[in-house]
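Take a look at the structure below.
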Amino acid sequence: MDKIRILNLRIPAKHGVYDFEKKSVGIFEIDIQMQIDLSKAMISDDLKDTVDYNDVVELTKKIFSENDYNLIEYVAGKVCENLLEKYPIKNVIVKVRKPHAPINACLDTVEVEVERTK
């Protein structure tokens, strides 16, 4: 199966469990991988035969910014559900990283990965 990937999309938001997280904007990093049959697009060279990356980014930004969620697991799931509903994709994987997670440890980031299939 063919894949479309959007890597390291950065979206400002106020997701987190703690009150102080909801008061300041943090930059979240998102990867999206969509499985789709691209054979028609490879022949037609027509946008209607694939998924418009710009639309996927705009939908993800809207979902990510419309509310302040407690969990990145939750918002990753919402992105998956909406992408599967709107586009002719078979499977989607959404990774959300929170490099500014309030953890008292030396680490690069915290990441969740959610995978859903039609």
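The values are calculated or read from the model by the stated rules, or taken from the named source; none is laboratory data. Computed from a prediction, not measured in an experiment: that's the story for all the values here. Quick reminder, even Gly has a Cβ in these numbers, built from the backbone with ideal geometry, and neighbours come from all protein chains shown. We work out accessible area using only protein heavy atoms, side chains counted, and drop any ligands, DNA or RNA first. Shrake-Rupley method; radii C 1.70, N 1.55, O 1.52, S 1.80 Å.
Remarks
- Of all residues making up segment 1-12, the number that are open to solvent by less than 40 Å² (accessible area, probe 1.4 Å) and either farther than 22 Å from R116 by Cα or not hydrophobic (A, V, I, L, M, F, W, C) (or both): 0
- Once segment 71-115 is narrowed to residues that are assigned to a helix (DSSP H, G or I) and without any contact (Cβ under 8 Å) to a residue 24 or more places away in the chain, the residue that is nearest to V57 (Cα to Cα) is N82.
- Matching option when the condition is open to solvent by 40 Å² or more (accessible area, probe 1.4 Å), more than 9 Å from the chain's Cα centre (by Cα) and of a type in the set (S, T, Y), among Y87, Y74: Y74
- Filter pass, A41 being within 30 Å of I103 (Cβ to Cβ) and in contact with a Ser or Thr (Cβ under 7 Å, 6 or more places away or on another chain): no
- Scope segment 13-41; condition touching a strand residue (DSSP E or B) at 6+ places or on another chain (Cβ under 7 Å), open to solvent by 70 Å² or more (accessible area, probe 1.4 Å) and outside any loop (DSSP other than H, G, I, E, B); matching residues: I27
- Residues of segment 98-109 that turn out to be open to solvent by less than 90 Å² (accessible area, probe 1.4 Å), within 16 Å of R10 (Cα to Cα) and out of contact with any helix residue (DSSP H, G or I) (no Cβ under 8 Å at 6 or more places or on another chain), as a count: 4
- Flag if Y53 is among the aromatic types (F, W, Y), within 15 Å of the chain's Cα centre (by Cα) and modelled with pLDDT of 95 or more: yes
- Checking each residue in segment 46-78 for being closer than 16 Å to V92 by Cα and not hydrophobic (A, V, I, L, M, F, W, C) picks out T50, D52, Y53, D55, T60, E73, Y74, G77, K78.
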